[in-house]
Amino acid sequence: MTADRRPITALLGYVAEINPRKPKTLDSDALCSFVPMEYVDDVSGAIVKTALRKVQEVEKGYTYFADGDILFAKITPCMENGKCALAQGLQNGVGFGSTEFHVVRSGDKVLPIWVYYFLRQETVRQEAARQMTGSAGQQRVPTRFLEEVEIPLPPLDEQQRIAEVLARADRLRRLRRAAREL
């Protein structure tokens, strides 16, 4: 907090890398996880399924990401519907997926789970929708939006504590939804 009690914030582009480049050292014969848009659940905000592919099959024409990266749908209506996920447990730590994902890789001042929960907020998605560019039906969130959105920066231990509370709330919502369906 600052002296006047406002939380410290930073532009996401200063504390995270937006759309990181694929490393040149990837083994093209290695297996990786493949995640098309439909494998990201808009309600749970999770990658619900992956397919295995060789890196050489997907390294051209698809979006690269790694364990710990956040996938943020950039196209309408996927972004507005909440297609945003934290990549975890990828085959060999590597994934490729839809070209309609922005990838956010946290730096040392911000936890991936903190960025994930921040981007999943309805207010953040509403602002992203207001800044979309392109023609109707094919509008996309520009990279600039993610670079310039302000994210709160409490200390890392506080980010972790808050993220754990949010994860428990998510689990309760999923249980409640499953109970209603039964």
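The values are calculated or read from the model by the stated rules, or taken from the named source; none is laboratory data. Please read these numbers as outputs of a predicted model, since none were measured by experiment. Glycine also receives a Cβ, built like all others from the backbone with ideal geometry; neighbour counts cover every protein chain displayed. Surface areas here come from the heavy atoms of the whole protein model, side chains and all, with no ligands, DNA or RNA. Shrake-Rupley method; radii C 1.70, N 1.55, O 1.52, S 1.80 Å.
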* Structure fact -> Filtering trypsin sites (Lys or Arg not before Pro) in the range 1-76 by DSSP loop and by at most 14 other Cβ atoms within 10 Å leaves Arg5, Arg21, Lys24, Lys49, Lys60
* Asked: Looking at this model, which pairs from Lys22/Lys60; Lys22/Lys54; Lys49/Lys83; Lys74/Lys109; Lys24/Lys54 are more than 18 angstrom apart at the alpha-carbon?
  -> Lys74/Lys109
* Using 0.36 nm per residue, how much length does the chain from Thr25 to Gln121 gain when fully extended, once their Cα-Cα distance is taken away? -> 31.1 nm
* Structure fact -> With all protein chains present and a 1.4 Å probe, the order of Arg144, Arg105, Arg130 from largest accessible area down is Arg130, Arg144, Arg105
* Rounded to the nearest 5, what % of the DSSP beta bridges within the chain are antiparallel ones? -> 90
* Lys and Arg at +1, Asp and Glu at -1: add these up for the other residues within a Cβ distance under 10 Å of Glu80 and post the number. => 0
* With every protein chain kept in the model, how would you rank Ile18, Ile162 by accessible area, 1.4 Å probe, largest at the top? -> Ile162, Ile18
* Label-point separation in nm, Asp170 to Leu11, each point 7 Å along Cα→Cβ -> 2.8
